[in-house]
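Here is the structure we will look at, set down as structure tokens.
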Amino acid sequence: MSSLVKFVQDEFVTKKDFPEFGAGDTLTVYYEIREGEKVRTQFFKGVVLQVKGSGSSQTFTIRKMSGTIGVERIFPINLPALQKIEVNKKGKVRRARIYYFRGLTGKKARIKEVRRK
């Protein structure tokens, strides 16, 4: 049964070419918002808390600070409204899921950056 599901996902789900990213990376995600007849592009910039799943059912959670309030959003990787993903910074973390990041404030909430060549 799972091979049938995998076959259907591989054949009929369109793959978008997004960059590699993981927990601790800072991303900017551009996606479409439909408001009645109008369509506009909005972006969400924040730190990746987790990447979950595989294939077409993969999702990732991003957290940003809006004032003093933390806002998290879960994006499916095959969401048709996703336009592009930019990796702003590569973060160095020692976990695949950084839920502890929710409780950190101030200087403790900084993630060390990995320099790219």
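Once a ≥ b ≥ c are taken as the square roots of the eigenvalues of the Cα gyration tensor of segment 8-57, is the result rounded (a/c under 1.5), prolate (a/b larger than b/c) or oblate (a/b not larger than b/c)? In terms of gyration-tensor shape, oblate. Ordered from largest to smallest accessible area (heavy atoms of protein chains, 1.4 Å probe), the residues Arg73, Arg115, Arg34 come out as Arg115, Arg34, Arg73.
For Cα pairs less than 8 Å apart in space and 6+ apart in sequence, what is the mean separation divided by the residue count of the chain, i.e. the relative contact order in percent? Provide the component values of the computation, followed by the final result.
Values: 196 pairs, mean separation 32.0, N = 117.
Once divided by the residue count of the chain, the mean separation gives 27 percent.
For GluC sites (Glu not before Pro), the sites in segment 14-44 that DSSP calls loop and that have at most 13 other Cβ atoms within 10 Å are Glu20, Glu37. Across the accessible surface of the chain, with the other protein chains kept in place and a 1.4 Å probe, carbon and sulfur atoms take up 52 percent.
Greater than 31 Å separation of Cα atoms is the criterion. Which listed pairs, Lys52/Lys89; Lys52/Lys112; Lys16/Lys90; Lys6/Lys108, meet it? Over 31 Å apart, Cα to Cα: Lys6/Lys108.
At 222 nm, what value in deg cm²/dmol follows for the chain if DSSP H runs of at least 4 each add -39500 (n - 2.57) and the sum is divided by all its residues, to the nearest 500?
On the way: 1 runs with 11 residues, N = 117.
After summing the helix terms and dividing by residue count, I get -3000 deg cm²/dmol.
Between Ser57 and Gln9, the simple spin-label model (points 7 angstrom out along Cα→Cβ) gives 0.6 nm.
Kindly identify the chain as rounded, prolate or oblate by the Cα gyration tensor criterion: order the square roots of the eigenvalues as a ≥ b ≥ c, call it rounded if a/c is under 1.5, otherwise compare a/b with b/c, prolate if a/b is larger, else oblate. Note, shape of the chain comes out oblate. Excluding ligands, DNA and RNA, the accessible surface per residue across segment 1-115 is 72 Å² with a 1.4 Å probe.
Computed with a 1.4 Å probe on the full set of protein chains, the accessible area for Phe43 sits at about 120 Å².
The values are calculated or read from the model by the stated rules, or taken from the named source; none is laboratory data. Everything quoted here is computed from the prediction, not taken from an experiment. Reconstructed Cβ throughout: ideal geometry from the backbone, glycine too, with neighbour counts over all protein chains shown. Please note that ligands, DNA and RNA were not included when accessible areas were found on the heavy atoms of the full protein model with its side chains. Shrake-Rupley method; radii C 1.70, N 1.55, O 1.52, S 1.80 Å.
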